[in-house]
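Participant: Sharing a structure with you now.
The values are calculated or read from the model by the stated rules, or taken from the named source; none is laboratory data. Please read all numbers here as calculations on a predicted model, not as lab measurements. As a convention, Cβ positions derive from the backbone with ideal geometry for all residues, glycine included, and neighbour counts pool all protein chains shown.
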Amino acid sequence: MDKHREILSAWQNLDIKNAAELEAALNGYIIQFAYHSGKIENPNITYNDTREIFDRDGVTNFTGDVRTIFEIRNAKDASNLLFEAFDRKDPLTPEFILQLHYELTKNTYDARRWQVGERPGTFKKHDYVTGRYEVGSAPEDVQTELEDLLEEIRQDVIRTNEHIFTAAAYFHAKFENIHPFSDGNGRTGRLAMNYFLLQHNHPPIVIHEEDKNLYYQSLEAFDTKGELEPLKLFLKAELVKTWDHPRFLRHTREKHL
């Protein structure tokens, strides 16, 4: 059995049914995810500040940009929203994605974006560069393209439940390609992808900030060549990096027994 299958089997043995069980299973993972996802785009985020905010809702001796604190605090709020949605078994919809985006970006939009009408929790109103050759979908097409994407992966899941990981990778690649927001697309896309995985009894993935160059390259391969395999391979490696430790595998085996 390869590591991906071993980790998937271990996760499924937990038989998670509600938010309390999910929080117990994730334990410190949610802090790891918030730290790495935030630091990919903001190098001023630190693990210690992230842990302090998640554990005590504040930081001590902080002298940096206040936006950094807002971003970490927002990540905690978005995590709470994810747990609540999981408990209610809410589907992954454009409306839920807008809620995630609002929680992740509130109080962080700069004056320039605010002046041109951009707001947290709303789709973009203007074009923004997303990659070497891309500006994403036209603002007027975002809603329809996102709805089409969600319907596409829903149909894939209906046809076969064995391709959840592929569907998640495709969702993330296409979401970032659509680039539905003026800011916060990466953080929102990563959290939405993990919610999709959790919905389908698959462990979530930490995309580690030290691997961000390979991450960007795999997304670019989809943007420029329509190739999904580089992102799938990357995400599989990140999944193993996230969960391949004896404590998790041993604990899940013992729980199952």
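Participant: Checking the conditions here, which among E71, E118 is in contact with a helix residue (DSSP H, G or I) (Cβ under 8 Å, 6 or more places away or on another chain), of a type in the set (D, E), surrounded by 19 or more Cβ atoms within 10 Å (Cβ to Cβ) and more than 22 Å from L197 (Cβ to Cβ)?
Facilitator: Answer to the selection: E71.
Participant: Picking from H251, H245, H256, which residue would you name as being surrounded by 14 or more Cβ atoms within 10 Å (Cβ to Cβ), at pLDDT below 95 and more than 12 Å from P203 (Cα to Cα)?
Facilitator: H251
Participant: Right, another one. Which of the residues that make up segment 59-80 are among the hydroxyl-bearing types (S, T, Y) and modelled with pLDDT of 90 or more?
Facilitator: Result: T68, S79.
Participant: In the set F96, F123, F83, which member is modelled with pLDDT of 95 or more and out of contact with any helix residue (DSSP H, G or I) (no Cβ under 6 Å at 6 or more places or on another chain)?
Facilitator: So the residue among F96, F123, F83 that is modelled with pLDDT of 95 or more and out of contact with any helix residue (DSSP H, G or I) (no Cβ under 6 Å at 6 or more places or on another chain) is F96.
Participant: Quick one: in segment 176-191, which of the residues that are of a type in the set (G, A, S) and out of contact with any Phe, Trp or Tyr (no Cβ under 7 Å at 6 or more places or on another chain) is farthest from Q99 (Cα to Cα)?
Facilitator: Looking at residues that are of a type in the set (G, A, S) and out of contact with any Phe, Trp or Tyr (no Cβ under 7 Å at 6 or more places or on another chain), I get G186.
Participant: Listed residues I72, I97; which is among the aliphatic types (A, V, I, L, M) and either over 16 Å from the mean Cα position of the chain (by Cα) or under 24 Å from E145 (Cα atoms) (or both)?
Facilitator: Sole residue among the options that is among the aliphatic types (A, V, I, L, M) and either over 16 Å from the mean Cα position of the chain (by Cα) or under 24 Å from E145 (Cα atoms) (or both): I97.
Participant: Checking I53 against (1) more than 25 Å from L219 (Cβ to Cβ); (2) surrounded by fewer than 17 Cβ atoms within 10 Å (Cβ to Cβ), which single condition isn't satisfied?
Facilitator: (2)
Participant: Counting residues that are without any contact (Cβ under 8 Å) to a residue 12 or more places away in the chain, which helices (runs of 4 or more DSSP H) fully inside segment 1-108 reach at least 1?
Facilitator: The qualifying helices (runs of 4 or more DSSP H) are 3-13, 19-26, 47-56, 66-88, 94-105.
Participant: Then there is this: Taking helices (runs of 4 or more DSSP H) that do not extend beyond segment 136-225, which have at least 1 residues that are under 11 Å from the mean Cα position of the chain (by Cα)?
Facilitator: 164-178, 185-199
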